[in-house]
1. Out of all the residues in the stretch B:322-358, which are surrounded by fewer than 18 Cβ atoms within 10 Å (Cβ to Cβ) and more than 12 Å from every other protein chain (Cβ to nearest Cβ)?
2. Quick one: which helices (runs of 4 or more DSSP H) sit completely within the stretch B:12-123 and have at least 2 residues that are within 14 Å of chain A (Cβ to nearest Cβ) and under 28 Å from B:LYS228 (Cβ atoms)?
3. I'd like the full set of residues that are of a type in the set (Val, Ile, Thr) and touching a Pro at 6+ places or on another chain (Cβ under 7 Å), limited to the stretch B:85-137.
4. Report, by residue number, each residue of the stretch B:384-396 that is more than 9 Å from chain A (Cβ to nearest Cβ) and either more than 17 Å from B:VAL441 (Cα to Cα) or assigned to a helix (DSSP H, G or I) (or both).
5. Kindly evaluate B:GLU434 against the criterion of being more than 21 Å from A:SER296 (Cα to Cα) and either within 12 Å of chain A (Cβ to nearest Cβ) or under 16 Å from the mean Cα position of the chain (by Cα) (or both).
6. Considering (1) touching a residue at least 40 places away in the same chain (Cβ under 8 Å); (2) in a loop (DSSP other than H, G, I, E, B); (3) among the small types (Gly, Ala, Ser); (4) away from every other protein chain (no Cβ under 14 Å), say which one A:SER194 fails and leave the rest.
7. Hey, any hits in the stretch A:32-50 for a residue that's within 24 Å of A:GLY171 (Cβ to Cβ), assigned to a helix (DSSP H, G or I) and among the polar types (S, T, N, Q)?
8. For the subset of the stretch A:225-270 comprising residues that are buried (at least 16 other Cβ atoms within 10 Å of the Cβ) and within 14 Å of chain B (Cβ to nearest Cβ), which member is farthest from A:PHE37 (Cα to Cα)?
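Just so it is clear, none of the values below were taken in a lab; they were calculated from the coordinates. This is a predicted model, so every value here is computed, not measured. Neighbour counts are summed over all protein chains in view; Cβ atoms, including those assigned to glycine, are modelled from backbone coordinates with ideal geometry.
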Amino acid sequence: MAMNNMSTNGGNMGDKNIRTIDFKTLFRNNIRNYSMFLILALIMLIFAPMVSWRNFGARNLTNIFFQYSYVLILAVGMVQCIIILGIDLSVGSVCAFVGALTAMIYNSGAGMPMTLAAALVIGVSIGAFQGFWIAYMKIPAFIVTLAGMMLFRGLTYIVTNINPISLKDNGYSYLATGTVDEVLKLGPIVDTGSFRLYPASLVMGVALVALYIISEVIARNKKIANGFEVSSTLIFIGKLATISALVLVLAERFAEYRGLPIVVLVVGTTVFVFHFILNNTVLGRYIYAVGGNSRSAKLSGINSELITFIVFCFMGMLAGLAAVISTGYMNTALPQAGLNFELDAIAACYIGGVSAGGGIGTVVGVIVGGLVMSAINNGMSLMNLGQHYQYVVKAMVVLLAVFYDVYTRRKAGLG
Amino acid sequence: MDEYILEIKNLTKEFPGVRALDNVDLRVKRGEIHSICGENGAGKSTLMSVISGVYPKGSYEGQVFFKGHETAYHSVKDSEKEGLAIIHQELALSPYLSIYENIFLGHMQTKFGIINWDRYIKESNKYLKIVGLNEPPETIVSKLGVGKQQLVEIARALSKKADILILDEPTSSLNDDESEKLLDLILEFKKQGITSVMISHKLNEVLKVADTVTVLRDGKSVASYDVKADKLTESRIIKDMVGRDLTHRFPDRKSQPGDTVMEVKNWTVYHPDFHKIKVVDDVSFFLRKGEILAFCGPMGAGRTELMMSIFGRSYGSRSEGEVLINGKKPDLGSCRAAMNAGLGYISEDRKSLGLILIQDIKTNISNASLGKISRFGIVEGHQEMLVAEKYRKDLNIRSPSVHQMTRNLSGGNQQKVVVSRSLMADPDIFIVDEPTRGIDVGAKSEIYSILNDMAAQGKSIIMVSSELPEALGMADRIYVMNEGKIKGVLTHEEATQEKIMHLALVN
């Protein structure tokens, strides 16, 4: 077999004794990862002229996060379920159920921290219940969560008596619709009357960029010290610059409207934690291993039942979190809340490059997938096109995204 | 009519980054048995895929002539129409359909879209007779053994009125007896004027039936021999395949087994679905430190089932008996527990039980021992890379980097990845199930060296093998099994192929 003709070329860009990956290989290996970002940008740019660039506006970008965070949070759980060849159809009903229970808990006088903790605990319990049937009783996830979908919808109707539960005050909805600047009562640092800049998101943005650059540089130096392949200096700097610029621009957008949305912190933390779990921990490796080939994983000494169980507990917990966010956003707990949430989360996963064959999928990918859907919904809303059209367009996007994914995968020889 | 039924000139086929075939020439005479040999990754399967139209005209350079005219196939259907039938290494039957349905699937004639099955049942009997398969045509294919399924495949090829049969490793999953029958069948076809092209790793079989042998190496056709005229020998073929002499197929080894490390007493395993059937029946054996044991016997003798049931009860509905390791009775209830007790197991089926094909080399190696390269549950990526690189170098895994997906590796290199994973887990007792199945001669001898090194380091090895020369060349003692029982044990000095066969099949 012809070999060694693809990967290394000894140091361009004047690096000495550093093994660099040439641009073509890097591009080919990562096209799938980056193409979703490009598509997201493209979709925003296509809408822009039609809505006179309002979709890039500070107010609109902030609102996108207020409105669609629940999808992003659910997608982070859903991607894990799909990686291990499961699915969770119950998350919409679970959101409604947990939303109703937490509204009651909150109205009974418990503070917001207590309410949030209760939501997470109830979510994990529901996840554990479903995970038990799936992992240990070997009932397909599709069936268990289909039952869960009906069960928790029914329980929601029972506990709410099919009446909306309104929240006693605005405390509950801070998490979903408040900003850090408002909670900390930070005034604008720039205020010309028509143009204001709130500080929290700017500080956060700069801090994140600094942390990001430092950690990337350390990681790269460690790789070089060990003699591993790295991308060339130019590409490395280009990548750092692009990502830093994106973070700073987004931070500025938030700062211009109402400051840093709390929900962005929540989503950000969730993404960071689960990205870290999936990529850097033993547990994450086991999740991918079970999804990639459960029988092989088993013979490697991996307890695949336990892994499945844990993944559904995670999903339950994230559904609980999404429940608090979505209930807070509506500012009331509706018995019919959470309708089609599961479908949005699943669609975000498939748009974000998760493989239906299991074992493949990333948190960052599905977040971009969720943002693609949000950008489409939002753009169409700005154009005053109703829900009906949004469904049609979303359907086409899911179909095309998966087609594109299958196509590029086949080209890259990934089957 | 031309002398050559199939002729290939200057065929080159490239995949992204890999030149799989490089100026290959091949000429197959009408009515002969033509064997193609080569290491894994030499391009044999790619060549067959080009010939049969899996890769359409235009995706390769060069010319393929079939029956005197140049082919321009767009799919396998086109080549089938012209009388070319290919039987793949992995059988392509539909498991839950009957024999006759499988034989005629895809090329039955219909009247107004309705199939006259009675006619096909009758006709399938004719083909079953030719291939010597004595089963009612209504039998569901999944109930047949692999050998019989292979015969159904051949019957299917015949029913398409094939002039040329291409067989990719036809005997790789058959036992000696079944292989013998199949080879006789191919010889029988030759008498009837059917040309066969046979890809095979088993050189003794090649020399037995083939008229012509073509050897591929690194995508090039390096030599073509007339078996009789050139007095072709195995070592000649091996030399061409690997490009060097393999003087020691089995590396020399001085073994001095120490104390008993593992003892299995009266071990009985019941079938996972039929709870009364004993798949392993009252088996006892022992293993000493630094010893290599081989387990021989025909397919279905219960060897794999025995090993898997010991390793974390991975087989069977339940098991009885005792396993002692260093005199103690450890918990072997799960694979993890078995690994903690010092056992390691390499499955015979590396694709579906061994590797995670969509993951890279590095991850596959580290998956079983993440505990060693992690702190507080966090995997240390750099250490993982270093370990994986070490094994890639030590075991000579041929790939540009450890980031290569295991799906894209050749069989021998895949096997080395599986072995690396077990080495990293560092077991004291290493159970390897068919460690060299379907891999090329060069990789085989590398695997043998690894096993010998391990034994020399004081590890103990149990090797399940269907290749008798391998067992004879490697093992200190050979246990012979059949029908779930141990039929006898032979030492290295006293064992011969005949004695093993005799023990397995006669008493």
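1. Within the stretch B:322-358, B:GLU322, B:LEU324, B:ASN326, B:GLY327, B:LYS328, B:LYS329, B:PRO330, B:ASP331 meet the criteria.
2. Working: elements: B:44-52, B:76-81, B:99-104.
So the answer is B:44-52.
3. We begin by selecting, within the stretch B:85-137, every residue of a type in the set (Val, Ile, Thr); these are B:86-87, B:99, B:103, B:110, B:114-115, B:121, B:130-131.
Answer for the stretch B:85-137, where residues must be of a type in the set (Val, Ile, Thr) and touching a Pro at 6+ places or on another chain (Cβ under 7 Å): B:ILE87, B:ILE99, B:ILE121.
4. Taking the stretch B:384-396 as the starting set, the residues that turn out to be more than 9 Å from chain A (Cβ to nearest Cβ) are B:384, B:387-388, B:390-396.
Of everything in the stretch B:384-396, those that are more than 9 Å from chain A (Cβ to nearest Cβ) and either more than 17 Å from B:VAL441 (Cα to Cα) or assigned to a helix (DSSP H, G or I) (or both) turn out to be B:GLU384, B:VAL387, B:ALA388, B:LYS390, B:TYR391, B:ARG392, B:LYS393, B:ASP394.
5. Details: more than 21 Å from A:SER296 (Cα to Cα): no; either within 12 Å of chain A (Cβ to nearest Cβ) or under 16 Å from the mean Cα position of the chain (by Cα) (or both): yes.
Considered against the rule, which asks whether it is more than 21 Å from A:SER296 (Cα to Cα) and either within 12 Å of chain A (Cβ to nearest Cβ) or under 16 Å from the mean Cα position of the chain (by Cα) (or both), B:GLU434 comes out as no.
6. (1)
7. We begin by selecting, within the stretch A:32-50, every residue within 24 Å of A:GLY171 (Cβ to Cβ); these are none.
No, the stretch A:32-50 has no match at all.
8. Checked the stretch A:225-270; the qualifying residue farthest from A:PHE37 (Cα to Cα) is A:PHE228.
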